[in-house]
Every structure is written in C-alpha cells, then in structure tokens.
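Engineer: Could you have a look at this structure, given as structure tokens, before my questions?
Just so it is clear, none of the values below were taken in a lab; they were calculated from the coordinates. Just so you know, these numbers come straight off a predicted model, no measurement behind them. Using ideal geometry, Cβ is built from the backbone for each residue, glycine included, and neighbour counts are taken over all protein chains shown.
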Amino acid sequence: MNFHRDRGFAHPRPSEITPRGAYENRRDWLRRVGVAAAGTGLGAWALREVRAASVPAGAALAGSRSSVSGALTMERPTSREDATTYNNFYEFGTDKADPAQRARSLRTQPWALSVEGEVKRPRTFDLDALQRLAAIEERVYRLRCVEGWSMVIPWLGWSLSHLIKAAEPTGNAKFVQFVTLADAAQMPGLRSRVLDWPYVEALRMDEAMHPLAMLVFGMYGEVLPPQNGAPLRLAVPWKYGFKSAKSIVRIRFLAQQPTTSWEKAAPSEYGFYSNVNPHVDHPRWSQASERRIGEDGLFAKKRPTLMFNGYEAQVGTLYAGMDLKKFF
Ligand SMILES: Nc1nc2c(c(=O)[nH]1)N[C@H]1C(S)=C(S)[C@@H](COP(=O)(O)O)O[C@H]1N2
Ligand SMILES: [Mo]
C-alpha cells in the first residue's frame, strides 16, 4: 500500500477502512430507503446492505480484496450539496446547474437494463433483479473530471464484474459498451448537437472486470439522484469522469473497440482510454493539477493530479507496456 504521507495535505491517504461521519450514516439511509422500499422493490437492496455493512469493505469480493480495500480513500467526501448541484449530464444541458434543475422529472421506475451482444446469457434486468446480483457496498472514490476539477464521493453499488460474470461473455467479447438513455421527451439536452446521442462509453474487458470498476445505484447513503445518473451509472475512478456513463439502459459486449461519444466529438482531445494522467495534457489545458470542489476559496491551492487518479497500485498493470501518450 502506498501512503504518500510526505507530500502534505494535497495527497490522499488510501486506507483499508473508509470512515464515515462527514455524511449521513447507513442507519439513516436504511431507515429511509428501507421504509420507503415497501412496495417499490427496493427491499432486497436494504437487506443486502445490512449484510454488506457487517463485513469489511472489499471482503465481498473473493480474490480481489486487496485491490479494493487498499484503494478506498480517507479524504473527506465532497459535500452532498456540491456533488448534486455541480454536474455534467449533457442530456439535460451543458451548464453545471442544468442537471439538478432539469433532471428532476427523469422517470427511473420502471427501468430496464438490457445486457446483450457477445454473451451466452443476454438478458433484460429490472432494477430489483439487477441489485440482487451482489451485495451493495459503500466505497469512497475520488472523481476527476477531464475539465480539471475533482470531488470525493461515497458511492453505493458493487463491482461491475458481478454483472459481467452473470452475463457469461463469449470468447469474442473484448470490449464492454455502456449506452445511456436517450429520451428527447425527458431530456431537453438532446435538442443540442453537442454530442451524438445516445451517450456511449466503453471499457476494455479487463478494465471492466477490474474490481474497482463499479456499477452504482446510490450515493451519500441514498438512492442516486437523477442528476447523478439514476437509477444506475458507472464509477471508474482511475479514468476521467466522462467514462462513467449515467442512466445506463444497455450494456453490450463487443468483439471490436467501439467509438465513444466523446471520441467522436473531438478525437484529438478525448481518447478511448482517458486514464487520469498528470503527464498527458489535454490539448487545450494542463492536467497536472486539479481544483477540488468545495476548496475553491480565495486561498485554496490546486491539488496535484495523481497518476491513474491515485489508483496506480491497483490498475497500473492493466496498462503495462502501453504508450500512455499514444493510447490516451
Ligand atoms: N450520460 C451521461 N453520462 C455522463 C455525462 C454526460 O454528460 N452524460 N457526463 C460525464 C462527466 S463529464 C462527468 S465528470 C461525470 C459527472 O458525474 P457527477 O455529476 O455524478 O459528478 O458524469 C459523466 N457521465
Ligand atoms: Mo467530466
């Protein structure tokens, strides 16, 4: 494990245990979601949460314990207020304040997730069936946006690998694609041609299987707010935020590397990999440092951006031998 103690306040200190207290605890969440769950199909989730809470973070992931628990950050989470009012969700507009305003009416029930392509078990999940696949865990991850700001968010969900294993990919499956809902009736941002809708993202199979890659259903002890990608989104903490697609309706297993929405929009600016890397600048700005949301006072210092967003010990081997400037 890597404790960058010598570099002062600007560095995270990964720890085996994620402290809570800076935000509401599990019991608050259980009381509210657990009670509200009656009749909405969320009961199973609440039950599993109790089980997950009684084992150390990461223990639910047989064989991958060290790669998850060693990565959880002890940095203080960004305030829930900031994390739910400063958002990128272009389907609802390009202003940071747009999603919180305009995503309110997003219908997340019922929701269907189609799992398809190069799999032996193509299937459509409703939310309840999907959440039953594994025990919900809380994990505090850093989130680094390609624009140069960052947050620390306590997510609720489980490793994407659980879903991948359930789908039983064929030997041809080399990439996993994530497709966001594109419903013009609910998403006013679709009128803009800023991106080619639907929003599509993708990971290489080994990246998607990495235990840190998380399928998320909640944050701050509650179900995901619409503006943060309800009812399910990705959290891929070692990559720039845009890789973590929101409000996913389709997961496709592919033999060939697909083009993502951001690659299509600006191929010289946004690569397929988009791993957080302080040594590979965006063509229009440096990626060496970042502004932590909530620390933007007059005397706030920028923080140095960390290789793979601080998760190098866990994910570095995925890219062994690759030229990270070429495969940016
Ligand atoms: N469908 C969709 N997913 C998306 C985006 C988007 O515009 N549409 N924006 C991405 C970007 S750029 C970031 S930084 C994160 C922001 O997640 P947050 O609002 O929960 O912090 O979501 C990502 N996922
Ligand atoms: Mo972003």
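Engineer: One residue is enough: does the stretch 278-293 have a residue meeting the conditions crowded, with 18+ Cβ neighbours inside 10 Å and of a type in the set (G, A, S)?
Structural biologist: no
Engineer: When residues of the stretch 275-290 are filtered for being farther than 10 Å from K325 by Cα, part of a loop (DSSP other than H, G, I, E, B) and in contact with a Phe, Trp or Tyr (Cβ under 8 Å, 6 or more places away or on another chain), how many remain?
Structural biologist: Narrowing the stretch 275-290 to residues farther than 10 Å from K325 by Cα: 275-276, 278, 282-290.
Those left that are additionally part of a loop (DSSP other than H, G, I, E, B): 276, 278, 283-284, 286-288.
The next check asks that each one be in contact with a Phe, Trp or Tyr (Cβ under 8 Å, 6 or more places away or on another chain); those that pass are 276.
Going through the stretch 275-290 one residue at a time, the tally reaches 1.
Engineer: Taking the stretch 124-150 on its own, how many of its residues are hydroxyl-bearing (S, T, Y) and within 19 Å of A71 (Cα to Cα)?
Structural biologist: 2
Engineer: I've got another one for you. Only one residue in A300, A245 is of a type in the set (G, A, S) and within 17 Å of the chain's Cα centre (by Cα), so which one is that?
Structural biologist: Within the list A300, A245, the selection yields A245.
Engineer: Next question, about the same structure. Are any residues in the stretch 207-231 within 11 Å of ligand 1 (Cβ to nearest atom) and closer than 30 Å to G171 by Cβ, and if so, which ones?
Structural biologist: If the condition is that a residue be within 11 Å of ligand 1 (Cβ to nearest atom) and closer than 30 Å to G171 by Cβ, then V216 is the only one that fits.
Engineer: Being within 20 Å of R139 (Cα to Cα) and surrounded by fewer than 24 Cβ atoms within 10 Å (Cβ to Cβ) narrows it down to one residue among R233, R250; which is it?
Structural biologist: From the options R233, R250, the qualifying one is R233.
Engineer: Of everything in the stretch 205-221, what is surrounded by fewer than 21 Cβ atoms within 10 Å (Cβ to Cβ) and without any contact (Cβ under 8 Å) to a residue 60 or more places away in the chain? Give them in sequence order. Even if it seems obvious, please write down each step before you answer.
Structural biologist: Residues of the stretch 205-221 that are surrounded by fewer than 21 Cβ atoms within 10 Å (Cβ to Cβ), as a first pass: 205-206, 209.
Residues satisfying the conditions are M205, M209.
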